[in-house]
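I have placed the structure first, in the form of structure tokens, so that the comments after it can refer back to it.
A short reminder: the numbers here are calculations on the coordinates, not readings from a lab. Bear in mind that the values here come from a model prediction, so they are computed numbers and not experimental data. Positions of Cβ are generated from backbone atoms using ideal geometry, with glycine treated the same way; all protein chains shown enter the neighbour counts.
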Amino acid sequence: MELAVSMPTHKEYPIVIHWHRHGLFALALGLVMLAGFARPAAANLLLNPGFETGDLTGWSPSGAASASSSAPFVHYGAFGAFLDGGTTPPGANAGLIQSVALPGAGTYAFGGWLRAFTIGSESGVFDQIQVSNFVSITSEGGVVGASVANFANFQDVSIGALTRASDWVFFSGTFDYSGPAGGTVLFNFNLQNQFSSTVSAAAGDSFFLEQVPEPATLALLGAGLLGLGFSLRRKRARRQFPILAARGTAALATGRPFRRGL
């Protein structure tokens, strides 16, 4: 896009400079608005959340729980977690639990990726998952947050005794914590086969538990971006004025209109 400007007097110069000023201001304002929707990356409070150590470091297992490098049980990286429910109905329970010390009061988000496996039919898996809460956050014996994965698109597989497998499903949830810094919660990834006549297994990967930044933190980020926008505006105006002035003088001398590419 080009803007043609006649240059009979120097009073025309502010038209171009003002365009840059408003353009940079709009850019800065847009960045501020974006900051209101984009959350800064938060620290994952879980140890070994993707099981990339190749073992269950950081987790307390129960039943047949293990870290696996088998492709069907891995969503990202080289390893994932596998909870084996056995082969005979009603099957066995299995779980992974990690105790996490929270940095202080606030809202926390948790989630990750899950995949369900069955022997025969998946008809009972949904009831089982609903009853067991599948992944939950507990504190002092009470559940403060829970998330249920709705598994779908089961396909035929042949993984040992397992014959059906769902797609990977992302799950997430939040909970509020009002206790002191250092208070602990438990991240529970569990499989409870006694609630279903269908033996099932589960895989989990890329878990996270993180504190959600406060609005004040986002406001500070937005203010910083706005300040950056104003700084860029001033620097650009200082660079552009000598150039535009020289071009304007040349245009006046030749009688040709001054064209500024935008």
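Observations on the structure shown:
- Under 5 Å between amide hydrogens, built in the peptide plane, is the criterion, and for residue 51 it picks out nothing among residues at least 5 positions away or on other chains.
- The Cα atoms of segment 75-145 give a gyration tensor whose axes a ≥ b ≥ c have a/c of 1.5 or more with a/b greater than b/c, which makes the shape prolate.
- Projected label points at residue 60 and residue 105, each 7 Å from Cα along the beta carbon direction, are separated by 2.8 nanometres.
- Built amide H within the under 5 Å cut-off of residue 93, gap 5+: 193
- 3J(HN,Hα) along segment 203-213: 10, x, 7, 6, 6, 8, 9, 9, 7, 7, x Hz, from the Karplus curve 6.51 cos²θ - 1.76 cosθ + 1.60 with θ = phi - 60°, whole Hz, x for Gly and Pro.
- Ranked by how many other Cβ atoms sit within 10 Å of their own Cβ, fewest first, the residues 137, 97, 119 fall in the order 97, 119, 137.
- Residues whose amide H lies under 5 Å from that of residue 145, counting only those 5 or more places away or on a different chain, are 137; hydrogens are built 1.01 Å from N in the peptide plane.
- Calculated from backbone phi, Karplus (6.51, -1.76, 1.60) coupling profile of segment 88-93 in Hz, x at Gly/Pro: 10, x, x, x, 10, 8
- Prolate/oblate/rounded call for segment 82-189, Cα gyration tensor, a/c under 1.5 rounded: prolate
- The string of couplings for segment 50-57 from the Karplus curve (6.51, -1.76, 1.60, θ = phi - 60°) is x, 6, 6, 6, x, 8, 9, 3 Hz, one whole number per residue in order, with x for Gly and Pro.
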